[in-house]
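What follows is a set of notes on a single structure, which appears directly below.
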Amino acid sequence: MSTSTSNMEKSHLSDEHVFVVPSRAIKVPIDMSVWEKSEAYFEYLGFILALNKSIEGKPLDSKCEQSPTVENILKMLNNLDEWITQIPPTEQPQRFGNKSFRTWHAKLQEKGIEELQEALPEELYRAIPEIIQYLYESFGNATRIDYGTGHEMAFLMFLCCLFKIRAFTENDKVAVAIKVFNRYLLLVRRLQITYRMEPAGSHGVWSLDDYQFVPFIWGSSQLIGHPRIEPRHFIDQDVIELHAKQYMFLGCIEFISKVKIGPFAEHSNQLWNVSAVDSWAKVNNGLIRMYKVEVLSKFPVIQHVLFGSLLPIKPAVVCPTVRGVCLNLPVQPPSQIH
């Protein structure tokens, strides 16, 4: 049981709330219209935009409030990282898709509930059967040994659910973005390299990145208003070396530069085009629009999304919007979900 229970603010969970094991609901392309009108869509996009706004101008080492649950989730991610050390890659003839990832993922399935029980106060244990399914989906597919933006989305939905059950507080928004999500990025990069994971559904040179998307959105928000670093500077090697550990966007560029060979303009054409934009605010807005089109509107990604009581597939109710997006964060406690 977590030692942080007494320090946590009292959970707002209703005793009557019924958690469910989430399942897929978007089975065929025509179902995409159901997703785009769903409560899950607006909750998720609202979550992305709310945290995007909360870290504007804030580097990764910014001082910020963080609840015991934030610290516990960071410890959990450290544990998952240590498993990679314990499960080295297998010697095998094929270059990609090291089978040891399946061993790592099996350990996640075996130990996941225990890890979440360590991270959460006891009164939230009954939410674990629902939220853990998002965690299982967060690190790649064990059959194909691949990873992509759908897996990234699963982890973000996991974080969103932790806000919904009040495991995270309203004041945790900055820490969840710049501490927890950045720690997750370091973990999945190590998984990608160690087990030579294939990109899931990559569009090759025309995609923003083989594996991630949201760290470019949140990372560009971090750089809004920076006195020296402009979009044209992120392809400068000196800028990357100096600032990659302070800004998610530059950390992504550094990682790409390590794993890809050849001229940047050739292997990462879309990002090269981003460097021509004249402000980080415009980059940020453009990437949000691109994310809606290239990820949230793509059936191959959304067919794997899980829907439950916290992120339901039912139609969203009308709510105050910003550019058509519901931005109620912190989200309603589950006791108010009907």
Aspartates and glutamates whose Cα lies under 17 Å from that of LYS179, excluding same-chain neighbours fewer than 8 positions away | GLU56, ASP61, GLU65, GLU71, ASP81, GLU152, GLU170
Given H placed on each backbone N at 1.01 Å, which residues far from SER38 in sequence or on other chains put an amide H within less than 5 Å of it?
-> ALA316
So, relative contact order of the chain in percent, Cα under 8 Å, 6 or more apart, is 33 percent
Along the range 239-252, what does the Karplus equation 6.51 cos²θ - 1.76 cosθ + 1.60 (θ = phi - 60°) give for ³J(HN,Hα), rounded to whole Hz, x for Gly and Pro?
-> 5, 4, 4, 6, 10, 4, 8, 9, 9, 4, 4, 6, x, 5
Rounded to the nearest 0.05, what FRET efficiency do SER279 and LYS53 give with R0 = 22 Å and r taken as the Cβ-Cβ distance? Could you check?
-> 0.85
Quick one: which residues, 5 or more positions from LYS99 or on another chain, have an amide H under 5 Å from its amide H? H modelled 1.01 Å from N in the peptide plane, none for Pro or chain starts.
-> THR90
Förster radius 35 Å - calculated FRET efficiency between LEU242 and PHE96, Cβ distance, rounded to 0.05 | 0.60
Leaving out ligands, DNA and RNA, what percent of the accessible area of the chain is carbon and sulfur, probe 1.4 Å?
-> 53 percent
Per residue, in Å², the accessible surface of the range 32-307 once ligands and nucleic acids are set aside, probe 1.4 Å | 40 Å²
Here, LYS75 and ALA316, labelled 7 Å along Cα→Cβ, have an inter-label distance in nm of 3.6 nm
Calculate how large, on average over all directions, the projected area of the Cα convex hull of the chain is; give the answer in nm² to one decimal.
-> 17.0 nm²
What is the Rg over Rh value, at two decimals, for the range 70-176, using alpha-carbon atoms and the Kirkwood definition of Rh?
-> 1.00
FRET efficiency (TYR136, ARG289; Cβ distance; R0 22 Å; to 0.05) is 0.15
What does the helix-only formula give at 222 nm for the chain: each DSSP H stretch with n ≥ 4 adding -39500 (n - 2.57), the total divided by the residues, and the result rounded to the nearest 500 deg cm²/dmol?
-> -13500 deg cm²/dmol
According to a simple spin-label model (label point 7 Å from Cα along Cα-to-Cβ), what is the distance in nm between ARG190 and LYS298?
-> 2.7 nm
Debye, to nearest 20: dipole size of the range 32-307, +1 on Lys, Arg Cβ, -1 on Asp, Glu Cβ | 320 debye
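The values are calculated or read from the model by the stated rules, or taken from the named source; none is laboratory data. Everything numeric here is computed off the predicted structure, so don't read it as measured data. Methodologically, a virtual Cβ is constructed for each residue, glycine included, from the backbone with ideal geometry; neighbour enumeration extends over all protein chains shown. Side chains are part of the model used for accessible areas, which takes the heavy atoms of the whole protein and leaves out ligands, DNA and RNA. Shrake-Rupley method; radii C 1.70, N 1.55, O 1.52, S 1.80 Å.
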